[in-house]
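The values are calculated or read from the model by the stated rules, or taken from the named source; none is laboratory data. Since the model is a prediction, treat every value here as computed from it, not as a measurement. Positions of Cβ are generated from backbone atoms using ideal geometry, with glycine treated the same way; all protein chains shown enter the neighbour counts.
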Amino acid sequence: MRKSLFLLSGIMVLGLTSCNTTVVVEYKPTNVITAMTQLAKQKNFTLEVKDTFYGDKGNIYFEENSYLNELYSNGYIKGSDGVYGITVDSSNQIRSGELLVDKDSKVVENIYDSSLFTTFESFDLTEVDSTNEVSIRSKSNRIAFLNLVGADVTNLLKIDTLVATFEPAESLLSFRLNYLTEENVEAKYIALDVKDVGTTSSKKVKTFVDQGGKEYVPSDEFKKVKTLFSGNNFTRNIYDNAGTTLVGTETFTDQYYYLGYDATLEPTNAMYYNKGYVSLVDKTYESKKVTNGIYMYRIREGAVFPYLGHTAADTTSTDIVWFMNYPSNLDLFNYFEYYDYNETDNVYFTDDYLLSYNMYNNFGIANAFDSSYTVQLIGSGFNYELNDDDKLSKVTFKVFMNVNGIYSYMGFEFTNFGGSKIALVDEFIAKGNVN
């Protein structure tokens, strides 16, 4: 994003190359409201942020065709083929994601027209006057400020004051958000200064683009793996500790889930854990309409025994994929660029903590260890055996750990894509249909 700057009677003419195009903008503020009004039209400035609530400090760079939030190590770039996401990895290098698509599956072309992040356009300026210090009290504007800096909007009720100030001598617009503070507790706040209006350039983004950086394009095989899980219909094979004997399965469909152990091989697990959850919508059983929701059920002696007296822990949703947190929700599917092939373990591996913890959490691995174990995440990965018949394809996820100082991993094997079903449960759901 090389640029040249010409000042002509207060008009800044920016000539940008690489990922940016030429734009003409004006920034001649005289107070808070003129500064915020003009910034709403700007696409080149820096927010210098200090958040003591979370202990974060860094810059947020807004440019014509890029956005980078240093506090959260993510952003977006518009390339020649469209907009794609970026993240900053543990080695402080940018990794690019796939091209973004909208709800109509069309490639996003403009980062400022896509609600990818919050700008000054989100503020309602009717409560802002022409002074150099303005107290911002409205809920909508406080939410807009939290979104602008990437803070958690659930902190809204913790806000004491939010004040915007303008320093004419430096044309500096600043914000100070103070959180409510208990006695003898250090006050927490967010301080923000708007800097480098019209002259902003992120060195990380510029280096990435100048070195030929562009969107990440996953392999056809990676795309196939993602497609296999997108149908929310698959089976997980559960093996004994030796990893040789199949002792149970988990059945995943878009309407129901079931965990079933073989009672002859795992009688204790079968007794305690064999159960499932089913999403029921507009169903009637024994002439009684069932409240829409998710219900637990068991299978005994060739019949389904539902617990229709009350819904499961979730009382409002009917989304079984969300309720059971299916592996199709794994962050992995949105960040394939972080996984590189490791020949030693025959796995596409990442040591990224957040991606690995996401997989660790999704599969409930913490439940396998009591307080006598010390578990340290090393990384995570996956491998696959693809077949023209999806039902014969196999995908295995692995989480690598040090457990009490011993290197180990846990694997989770999935197969039968598109063919996962339990006839008894299908029949039970069908019986509840009202003609």
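Determine if the range 62-75 includes at least one residue that is of a type in the set (D, E, K, R), over 30 Å from GLU186 (Cα atoms) and not in a strand (DSSP E or B).
Yes, because at least one residue in the range 62-75 is of a type in the set (D, E, K, R), over 30 Å from GLU186 (Cα atoms) and not in a strand (DSSP E or B).
Looking at the range 101-143 only, could you name the residues that are part of a loop (DSSP other than H, G, I, E, B) and within 16 Å of THR37 (Cα to Cα)?
THR118, THR119, PHE123, ASP124, VAL128, ASP129, SER130, THR131, ASN132, ILE136
Within the range 41-61, which residues are in contact with a Phe, Trp or Tyr (Cβ under 7 Å, 6 or more places away or on another chain) and in a loop (DSSP other than H, G, I, E, B)?
GLN42, LYS43, ASN44, THR52, PHE53
With respect to ALA312, is the statement that it is surrounded by 13 or more Cβ atoms within 10 Å (Cβ to Cβ), within 30 Å of the chain's Cα centre (by Cα), small (Gly, Ala, Ser) and in a loop (DSSP other than H, G, I, E, B) true?
When the stated conditions are applied, ALA312 passes them.
Pick from the range 286-301 the residues that are touching a residue at least 40 places away in the same chain (Cβ under 8 Å) and either in contact with a His (Cβ under 6 Å, 6 or more places away or on another chain) or under 26 Å from TYR239 (Cβ atoms) (or both): which of them is surrounded by the fewest Cβ atoms within 10 Å (Cβ to Cβ)?
ILE299
Test of understanding: among VAL185, VAL194, VAL217, which residue is more than 29 Å from the chain's Cα centre (by Cα), at negative phi, not small (Gly, Ala, Ser) and not in a helix (DSSP H, G or I)?
VAL185
Given the condition without any contact (Cβ under 8 Å) to a residue 40 or more places away in the chain, more than 25 Å from the chain's Cα centre (by Cα) and farther than 27 Å from LYS41 by Cα, answer yes or no: does some residue in the range 156-172 qualify?
Yes: one or more hits.
What pairs come out if I take residues in the range 380-396 that are in a strand (DSSP E or B) and pair them with residues that are of a type in the set (Ser, Thr, Tyr) and buried (at least 19 other Cβ atoms within 10 Å of the Cβ) whose C-beta lies under 6 Å away, six or more apart or interchain?
Close Cβ pairs (under 6 Å, with a partner that is of a type in the set (Ser, Thr, Tyr) and buried (at least 19 other Cβ atoms within 10 Å of the Cβ)) amount to SER380/SER356; GLY381/TYR348; PHE382/TYR348; LYS394/THR415.
Quickly run through the range 159-195 and pick out the residues that are under 30 Å from GLU64 (Cα atoms), touching an Asp or Glu at 6+ places or on another chain (Cβ under 9 Å) and of a type in the set (D, E, K, R).
ASP193, LYS195
For residues in the range 355-372 being surrounded by 13 or more Cβ atoms within 10 Å (Cβ to Cβ) and touching a helix residue (DSSP H, G or I) at 6+ places or on another chain (Cβ under 9 Å), which is farthest from ASN329 (Cα to Cα)?
Once the filter is applied, the top-ranked residue is ILE365.
Specify which of the listed residues (THR199, THR161) is assigned to a loop (DSSP other than H, G, I, E, B) and either loosely packed, with under 15 Cβ neighbours inside 10 Å or among the aromatic types (Phe, Trp, Tyr) (or both).
Unique residue meeting the criteria: THR199.
Taking the range 327-350 only, how many residues are surrounded by fewer than 14 Cβ atoms within 10 Å (Cβ to Cβ) and hydroxyl-bearing (Ser, Thr, Tyr)?
2
Would you confirm, using the coordinates I've provided, whether VAL375 is β-branched (Val, Ile, Thr), touching a residue at least 40 places away in the same chain (Cβ under 8 Å) and farther than 17 Å from ASN237 by Cβ?
no
Find the residue count for the range 324-364, including only residues that are closer than 19 Å to SER91 by Cα and free of Cβ contacts under 8 Å to residues at least 24 places away in the same chain.
Looking only at that region, the number is 4.
Yes or no: ILE86 in the same structural domain as GLU64 (by TED's automatic domain parsing), at pLDDT 95 or above and β-branched (Val, Ile, Thr)?
Here the answer is yes, as ILE86 does meet what is asked.
List every residue pair whose Cβ atoms sit under 7 Å apart, with the two residues 6 or more apart in sequence or on different chains, where the first one lies in the range 182-204 and is more than 23 Å from VAL88 (Cα to Cα) and the second, anywhere, is outside any loop (DSSP other than H, G, I, E, B) and aromatic (Phe, Trp, Tyr).
Close Cβ pairs (under 7 Å, with a partner that is outside any loop (DSSP other than H, G, I, E, B) and aromatic (Phe, Trp, Tyr)) amount to LYS188/TYR179; TYR189/TYR179; VAL197/PHE45.
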